[in-house]
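Step one of this worksheet: look at the structure below.
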Amino acid sequence: VAPSDFVRVAEDTGLIKELTDLVLSRGIAQLADLRARGVATGLAVNVSTHDLFDSRLPARVRGYLDRHGLPADSLTLEITESSLFVDAPRTRATIDGLHAVGLRMAIDDFGTGYSSLAYLKRFPVSVLKVDREFVDGVGVQGEDRAICAAIVAFANAIGVSVIAEGVETEEQVEALRELGVSAGQGWYFSRP
């Protein structure tokens, strides 16, 4: 079952908190196991807009990390741009709480939602994930390459990392490297 199907059901039925807790607790446990075996890696977990309404989320995440002796910066929580604008005071309070724990925050699918540079100033963002829509044509001269170049330049200027989503070809990898993107995800690297 695709995440886009079951996440919507979890949100509609009020089970998203339990699903998020399950993913976080199991993911953090697996991360601790990998690190104990000498694999220096981190973990990124998508969180729903509904999760950001939960003021207790930062304490629960801190508890999972403490239980396994992991530093907060080993975990990145990915949120969509649109999440930042839904009930802004509540989501802002939760995001601030997560930041206070020391977690890294990533904006997923950057450039396709309600892109506003103002929220990058207001919210503690560590990573911009360039949407696959712009990565598709990055290997050729044109709008996609220009947009990617602008996002990378902007991110570098404000000290934010960039991850390219939807990388499928070696041509895209080379073009992204030329633009200064140091991380990517997609079928070129691994199946989901």
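Some observations on this one:
- Test: Thr49 is open to solvent by less than 50 Å² (accessible area, probe 1.4 Å) and not hydrophobic (A, V, I, L, M, F, W, C): yes
- Any hit, the stretch 82-90, residues being open to solvent by 50 Å² or more (accessible area, probe 1.4 Å), at pLDDT below 85 and among the hydroxyl-bearing types (Ser, Thr, Tyr): no
- Only one entry of Arg8, Arg37 meets the criterion of being more than 26 Å from Val160 (Cβ to Cβ) and at pLDDT 95 or above, and that entry is Arg37.
- Of the criteria (1) surrounded by 11 or more Cβ atoms within 10 Å (Cβ to Cβ); (2) over 18 Å from the mean Cα position of the chain (by Cα); (3) within 18 Å of Arg104 (Cα to Cα), which one Ala40 fails: (1)
- Candidates Gly27, Gly69 - the one that is open to solvent by less than 50 Å² (accessible area, probe 1.4 Å) and small (Gly, Ala, Ser): Gly27
- Of all the criteria given as (1) crowded, with 16+ Cβ neighbours inside 10 Å; (2) within 19 Å of Asp108 (Cβ to Cβ); (3) in contact (Cβ under 8 Å) with a residue 12 or more places away in the chain, the one not satisfied by Asp144 is (3).
- Which numbered condition Ala153 fails, given (1) modelled with pLDDT under 90; (2) among the small types (Gly, Ala, Ser); (3) in a helix (DSSP H, G or I): (1)
- Residues satisfying the stated conditions in the stretch 8-17, i.e. in a helix (DSSP H, G or I), over 19 Å from Leu43 (Cα atoms) and open to solvent by 30 Å² or more (accessible area, probe 1.4 Å): Arg8, Val9, Glu11, Asp12, Thr13
- Among (1) under 15 Å from the mean Cα position of the chain (by Cα); (2) over 26 Å from Asp109 (Cβ atoms); (3) of a type outside the set (Gly, Ala, Ser) - the single one Arg62 does not satisfy: (1)
- Residues in the stretch 122-131 that are among the basic types (Lys, Arg) and either open to solvent by 10 Å² or more (accessible area, probe 1.4 Å) or touching a helix residue (DSSP H, G or I) at 6+ places or on another chain (Cβ under 8 Å) (or both): 1 in all.
- A count restricted to the stretch 26-74 and to residues that are in a loop (DSSP other than H, G, I, E, B), touching a Gly at 6+ places or on another chain (Cβ under 8 Å) and within 23 Å of Gln185 (Cα to Cα) stands at 0.
- Scope the stretch 155-192; condition farther than 22 Å from Gly142 by Cα, open to solvent by 20 Å² or more (accessible area, probe 1.4 Å) and either in contact with a Pro (Cβ under 6 Å, 6 or more places away or on another chain) or of a type in the set (A, V, I, L, M) (or both); matching residues: Ala157, Ile158
- Residue list for the stretch 132-141, filter: free of Cβ contacts under 8 Å to residues at least 40 places away in the same chain and surrounded by fewer than 21 Cβ atoms within 10 Å (Cβ to Cβ): Glu133, Asp136, Gly137, Gly139, Val140, Gln141
- From the list Val181, Val140, Val125, the one residue that fits, being under 30 Å from Leu65 (Cβ atoms), modelled with pLDDT under 90, of a type in the set (A, V, I, L, M, F, W, C) and part of a loop (DSSP other than H, G, I, E, B), is Val125.
The values are calculated or read from the model by the stated rules, or taken from the named source; none is laboratory data. Just so you know, these numbers come straight off a predicted model, no measurement behind them. All Cβ positions, glycine included, derive from the backbone under ideal geometry; neighbour counts span all protein chains shown. Ligands, DNA and RNA are excluded from the accessible area calculation, which covers all protein heavy atoms including side chains. Shrake-Rupley method; radii C 1.70, N 1.55, O 1.52, S 1.80 Å.
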